[in-house]
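Participant: Once you've had a glance at the structure underneath, I'll fire off some questions.
The values are calculated or read from the model by the stated rules, or taken from the named source; none is laboratory data. For clarity, every value in this text was computed on a predicted model and none was experimentally measured. A quick note on method: Cβ atoms are made from the backbone with ideal geometry, for glycine too, and the neighbour counts reach across all protein chains shown. Calculation scope for accessible area: heavy atoms of the full protein, side chains included, ligands and nucleic acids excluded. Shrake-Rupley method; radii C 1.70, N 1.55, O 1.52, S 1.80 Å.
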Amino acid sequence: MNTRQKLSLLDNQLFFRVNLVGQMPSIKKLSLALSRCGDGPLYLLCALLIWQFEQHQGQLFFQSCLLAFAIELPLYLLLKNVIQRERPRGAAQHGWTPAIRPSDRFSFPSGHTAAAFLFAWLLAAFYPAFTPYYLLLASGIGLSRVLLGVHYLTDILAGATLGSAIALLLLGSQLVVI
């Protein structure tokens, strides 16, 4: 068994252990709510509200979000379509079905997680007082995707890395001056 096969086996084992918790009704309900927080339109709404109501840095925050997502989204789609990792399967063997229907068939990296960490780091740069909460919410969004049965843990790690890297590179590049 080669390294890739070993990692895949480990990823599957971890997925089913974590996903088992996601079958509990209260966890499933919380996971659905967290996952919906990671839907794209909510980021736009939050950024628009910040722009509208935060006089000091709201416009710059909004512009930074537009630039960051203009980089993240095409890169995420490119990776997802080049790598083409199938989403978790196994209802017959393991007695589970995903709690939601994913928007496409590939899972790596997690777009919800990439966007959540991208947005969390941008918020942290502009409004640092609540950084632990931003990152906790982003982590919850990522974990919810495993609990709902549509991603492996490595998909989440890759999404978190992608979103974080883009945000931190953008913030450190002088394209965004806070």
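Participant: Give me the percent of the accessible area of the chain that comes from carbon and sulfur atoms, probe 1.4 Å, all protein chains in place.
Facilitator: 67
Participant: Okay, next question. How long, wide and thick is the stretch 1-64, going by the Cα atoms along their three principal axes, in whole angstroms, largest first?
Facilitator: So the extents along the principal axes, rounded to whole Å, are 56, 34, 16.
Participant: Magnitude of the Cβ-charge dipole of the chain, K/R +1 and D/E -1, about the Cα centre, nearest 20 debye?
Facilitator: Here the size comes out at about 660 debye.
Participant: State, as an integer percentage, the relative contact order of the chain based on alpha-carbon contacts under 8 Å between residues 6 or more apart.
Facilitator: About 31 percent, as a whole number.
Participant: Please give the per residue accessible area of the stretch 23-72, computed with a probe of 1.4 Å over protein heavy atoms only, in Å².
Facilitator: Using a 1.4 Å probe on heavy atoms only, each residue of the stretch 23-72 averages 64 Å².
Participant: Within straight cross-link reach of Lys80, meaning Cα distance under 24 Å, which lysines are found once same-chain residues fewer than 8 apart are removed?
Facilitator: Counting by Cα, and skipping residues close in sequence, Lys80 has these lysines nearby: Lys6.
Participant: Ok, one more. Using only alpha carbon pairs under 8 Å that are at least six residues apart, calculate the relative contact order of the stretch 97-163 and give it in whole percent.
Facilitator: 52
Participant: From the phi angles alone, apply the Karplus equation (6.51, -1.76, 1.60; θ = phi - 60°) to the stretch 47-57 and give each ³J(HN,Hα) in whole Hz, x where the residue is Gly or Pro.
Facilitator: 5, 5, 5, 5, 4, 5, 10, 10, 5, 6, 10
Participant: Give, to the nearest whole percent, the P(r) tail of the stretch 97-172 beyond 19 angstrom, counting all Cα pairs. Present the calculation step by step, with values, prior to reporting the outcome.
Facilitator: Details: 944 of 2850 pairs.
The answer is 33 percent, as a whole percent.
Participant: When the scattering of the chain is computed by the Debye formula from its Cα atoms alone, each counted once and equally, what is log10 I(q)/I(0) at q = 0.18 Å⁻¹?
Facilitator: One equal scatterer on each Cα of the chain leads to -1.13.
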